[in-house]
Amino acid sequence: MLVAAHEFGHSVLMYAGGLSLSWGHKGSTNPITQSVKYSTPGYPEKGPIDLMKYYDPTKRSADLFRRMVDSAAMDIDVKRLIWGAQIKWTK
Ligand SMILES: [Zn+2]
């Protein structure tokens, strides 16, 4: 489920921001090599986990998996999805 959500998210990021946003995992990885950047922080200690970012895997909290499952799409990605859907409102 998490992998499916992540892979679907790539299509949203690709449409909204292109390769660097999508393949670069929102700036957390090198878009070509997919290696995690040195500047990439560890997982946030509280709150939702952005499934479209990579984090420093050496910094994990015990409840990480539950927080990943509980995390909805990030607000910015929901906005990107709505923008990309090109919804036309009618009366
Ligand atoms: Zn990915």
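The values are calculated or read from the model by the stated rules, or taken from the named source; none is laboratory data. Just so it is clear, the structure is predicted and the values come from calculations on it, not from any experiment. Here the Cβ positions follow ideal geometry from the backbone for every residue, glycine too, while neighbour counts run over all protein chains shown.
As a summary of the residue check, GLY17 satisfies the conditions (1) in contact with a helix residue (DSSP H, G or I) (Cβ under 8 Å, 6 or more places away or on another chain); (2) surrounded by 14 or more Cβ atoms within 10 Å (Cβ to Cβ); (3) at negative phi; (4) modelled with pLDDT of 90 or more except for the one numbered (2). GLY84 meets each of the listed conditions (1) touching a Gly at 6+ places or on another chain (Cβ under 9 Å); (2) more than 11 Å from the ligand (Cβ to nearest atom) apart from (1).
A residue that is surrounded by 11 or more Cβ atoms within 10 Å (Cβ to Cβ), at pLDDT below 90, in contact with a strand residue (DSSP E or B) (Cβ under 6 Å, 6 or more places away or on another chain) and not in a strand (DSSP E or B) cannot be found anywhere in the stretch 72-90.
Just one residue in the set ARG80, ARG67, ARG60 is closer than 23 Å to MET1 by Cβ, in contact with a helix residue (DSSP H, G or I) (Cβ under 8 Å, 6 or more places away or on another chain), basic (Lys, Arg) and in contact (Cβ under 8 Å) with a residue 12 or more places away in the chain; that residue is ARG80. Residue count for the stretch 38-60 satisfying the condition of being more than 20 Å from VAL78 (Cβ to Cβ) and either exposed (fewer than 15 other Cβ atoms within 10 Å of the Cβ) or within 14 Å of the ligand (Cβ to nearest atom) (or both): 13. Candidates are the residues of the stretch 1-37 that are hydrophobic (A, V, I, L, M, F, W, C) and touching a Gly at 6+ places or on another chain (Cβ under 7 Å); the one that is nearest to the ligand (Cβ to nearest atom) is VAL12.
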